[in-house]
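Shown next, in structure tokens, is the structure this report addresses.
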Amino acid sequence: MENCNQTSTDFILLGLFPSSRFGLFLFILIVLIFLLALFGNLSMILLIFLNIHLHKPMYFLLSQLSLIDLNYISTIVPKMAYNYLFGNKSISFIGCGVQSFFFLTLAGAEALLLASMAYDRYVAICFPLHYSIKITRRVCVLMIIGSWIMGSINSCAHTTYALHIPYCRSRAINHFFCDVPTMLTLACIDTWVYEYTVFVSTTLFLLCPFIGIVCSYGRVLRVVHHMNSAEGKKKAYSTCSTHLTVVTFYYAPFVYTYLRPRYLRSPTEDKVLAVFYTILTPVLNPVIYSLKNKEMMEALRRAIQRICSVKM
């Protein structure tokens, strides 16, 4: 039986890319997605900040979602790309903890923020006359701060636990980032208590917000169905479908991954599912919200015209 090692050695991230032409293709594709996510989310933040017509609660929340996504994908992809390019798959123990902390903080904050955005649309469609009273800038700020604080507290608890347990045998993490449940498969001790806390935190931060979003949009669709205005129905359905698309791509793989018992999980399946909520969602958010939103498209058109007129 091997002795438990002290938590001073580097971990090895086995990564996502196989050593083949397909791996190279996958690497190029993900780097392009990463660049698109950076450009798209940064453009959304600047567009909302600079355009006075977009200084509304919905767009304020949307700018925060873009900020989270910008940092979210930047926590994962650069290290993964560096390891692939230089053939160095190691990550320091502290570096692994830092990556895990930021990943969990941003993941929790995004999950709660998406629920806040669902509540914003619920009030806007179901109680339009009370919208300006219920959804003020102060309420938006409180929802955003609450999302960040709760995400940070949850992340701090999980990361602290992961950094204070002994590891033994292989230091190879069969993932492309420091995912705490995957790290704990290398632990020398029984982690069943921690696995229970993962179940609880996943329920609180993912499953409960997801159920709340589904219920709120169920009520929204019921109200929309009784609308007399065809244009109002079309706009409301567009808003709902946009948000539900983001929710599906983010919550479903996350919940499926973290609510399964360890014996039902496979490293390959976990990595494929993780691509959805760590890489694809951050690039889809700006595309979906900008292309399906007339105000955003109009603001973008005016910004492009202004840039072109300055160059001429």
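Descriptive notes on the structure:
- Yes/no for Val98 being open to solvent by 60 Å² or more (accessible area, probe 1.4 Å), more than 30 Å from Tyr131 (Cα to Cα) and at pLDDT 90 or above: yes
- Looking only at residues in region 281-312 that are polar (S, T, N, Q) and assigned to a helix (DSSP H, G or I), the one that is surrounded by the most Cβ atoms within 10 Å (Cβ to Cβ) is Asn285.
- Test for Leu24: is it modelled with pLDDT of 90 or more, more than 30 Å from Ala236 (Cβ to Cβ) and assigned to a helix (DSSP H, G or I): yes
- Helices (runs of 4 or more DSSP H) contained entirely in region 102-218, each with at least 3 residues that are open to solvent by 20 Å² or more (accessible area, probe 1.4 Å) and either more than 25 Å from Leu70 (Cα to Cα) or in contact (Cβ under 8 Å) with a residue 40 or more places away in the chain (or both): 131-134, 137-163, 192-202
- Boolean, Thr281 is of a type in the set (Ser, Thr, Tyr) and either farther than 30 Å from Ile173 by Cβ or within 14 Å of the chain's Cα centre (by Cα) (or both): yes
- Only a single item in (1) within 28 Å of Leu273 (Cβ to Cβ); (2) within 24 Å of the chain's Cα centre (by Cα); (3) among the hydrophobic types (A, V, I, L, M, F, W, C) is not met by Phe22, and it is number (2).
- Within region 75-101, residues that are in contact (Cβ under 8 Å) with a residue 24 or more places away in the chain reach partners that are in a helix (DSSP H, G or I) and open to solvent by 70 Å² or more (accessible area, probe 1.4 Å) with beta carbons closer than 8 Å, at six or more positions or on different chains, in the pairs Thr75/Phe102.
- Scanning region 36-64 for residues that are of a type in the set (Gly, Ala, Ser) and within 13 Å of Ala303 (Cβ to Cβ) yields one hit, Ser43.
The values are calculated or read from the model by the stated rules, or taken from the named source; none is laboratory data. On a predicted model such as this, the values are computed, not experimentally measured, just so you know. Methodologically, a virtual Cβ is constructed for each residue, glycine included, from the backbone with ideal geometry; neighbour enumeration extends over all protein chains shown. Accessible surface is based on the protein model in full, side chains and every heavy atom, while ligands, DNA and RNA are left aside. Shrake-Rupley method; radii C 1.70, N 1.55, O 1.52, S 1.80 Å.
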